[in-house]
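A short worksheet on the structure shown next.
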Amino acid sequence: MRKPVIAGNWKMYKLVADSVAMALNLRPLVANANHCEVIIAPVFTALKTVADRLEGSNIKIAGQDCSVETQHGAHTGEVAADMLRDAGASHVIVGHSERRQFYFETDTFVNRKTQAALAANLTPIVCVGETLAQREAGHPESVVRGQLEGGLRGLTASDLDRIIVAYEPIWAIGTGLTATPEQAQEMHAFIRRVFAERASNGQAGALRILYGGSVKPDNIAGLMKQPDVDGALVGGASLEAETFAQLVNYNR
Ligand code: PGA
């Protein structure tokens with residue numbers, strides 16, 4: 001049984017006070033959500049305060065990114081994975097499409113970040129997904145395969161047990177367009193097959209694959225009904241406690 005994951009990516013939103021207020025509002029609303037893991041990813045500057053205030057709750061904390069570097073050193077502006085862990089994170093998003101598109105992250109970078117996260121005992125949420133042009137050109141699978149193979153290169157069998165994959169078609173992120181449940185299912189099943197080539201069938205069967213891209217309270221149930229959709233990575237709809245709680249409680 002794969003335990004679903006509902007993760008909120010707050011992106012570059014919310015000052016510390018707003019982040020704490022949101023987290024404290026969310027806490028009671030999801031306190032009974034034992035059916036899934038609940039994760040929020042605040043900005044770096046709010047992460048530790050939010051983590052401290054949520055101690056003892058069922059809400060886990062993710063970083064939105066981490067450095068490729070594992071040794072502390074002269075890397076201005078970077079945050080090492082073990083620093084995220086130290087601040088209270090258990091997870092980290094790597095390879096988000098906004099980082100790939102606007103900050104020129106390559107699969108090699110995503111791979112190094114995944115390894116850095118694992119070395120720091122964080123669970124990486126590795127994001128993959130095609131652009132609209134790539135989908136329209138008819139080869140979204142080969143794009144996703146390349147991202148997966150590149151992102152997971154060199155990972156050991158036990159590393160592969162410790163990752164989460166998020167499929168986020170770029171054309172659906174923040175656009176209000178969502179992949180249909182069928183489109184999501186098709187790509188998730190493909191991702192599981194590609195993963196099985198790298199890992200065992202058993203490991204592929206245990207891999208959690210989250211869908212991301214305009215997930216909202218009115219479309220989450222259809223997505224979660226798909227056999228290979230194991231959760232959601234949510235941007236816009238994760239910024240408000242009531243809405244995010246509805247997503248977490250998609251099964252009610
Ligand atoms: P969205 O963002 O839900 O606002 O489309 C998803 C994401 O970027 O993770």
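Things worth noting here:
- The listed residue being more than 14 Å from the chain's Cα centre (by Cα) and at pLDDT 95 or above, out of Ala232, Ala237: Ala237
- When each of Glu98, Glu55, Glu69, Glu78 is tested for being among the charged types (D, E, K, R), assigned to a loop (DSSP other than H, G, I, E, B) and out of contact with any Asp or Glu (no Cβ under 9 Å at 6 or more places or on another chain), the lone residue that passes is Glu55.
- Neighbours by Cβ (under 6 Å, 6+ apart or cross-chain): first from the range 1-30, at pLDDT 95 or above; second part of a loop (DSSP other than H, G, I, E, B) and of a type in the set (S, T, N, Q): Arg27/Ser57
- Checking Asn25 against (1) in a loop (DSSP other than H, G, I, E, B); (2) surrounded by fewer than 18 Cβ atoms within 10 Å (Cβ to Cβ), the condition it does not meet: (1)
- Any hit, the range 114-121, residues being hydroxyl-bearing (Ser, Thr, Tyr), in contact (Cβ under 8 Å) with a residue 12 or more places away in the chain, in contact with a Lys or Arg (Cβ under 7 Å, 6 or more places away or on another chain) and closer than 25 Å to Ser238 by Cβ: no
- Here the condition is being assigned to a helix (DSSP H, G or I), out of contact with any strand residue (DSSP E or B) (no Cβ under 7 Å at 6 or more places or on another chain) and over 25 Å from Ser214 (Cα atoms); of Ala17, Ala46, it holds for Ala17 alone.
- Hits in the range 150-179 (condition: surrounded by fewer than 17 Cβ atoms within 10 Å (Cβ to Cβ), touching a helix residue (DSSP H, G or I) at 6+ places or on another chain (Cβ under 8 Å) and either assigned to a loop (DSSP other than H, G, I, E, B) or at positive phi (or both)): Arg153, Gly154, Asp161, Arg162, Gly174, Leu177
- Restricting attention to the range 123-149, the residues being surrounded by 21 or more Cβ atoms within 10 Å (Cβ to Cβ), free of Cβ contacts under 8 Å to residues at least 60 places away in the same chain and part of a loop (DSSP other than H, G, I, E, B) number 1.
The values are calculated or read from the model by the stated rules, or taken from the named source; none is laboratory data. Since the model is a prediction, treat every value here as computed from it, not as a measurement. Using ideal geometry, Cβ is built from the backbone for each residue, glycine included, and neighbour counts are taken over all protein chains shown.
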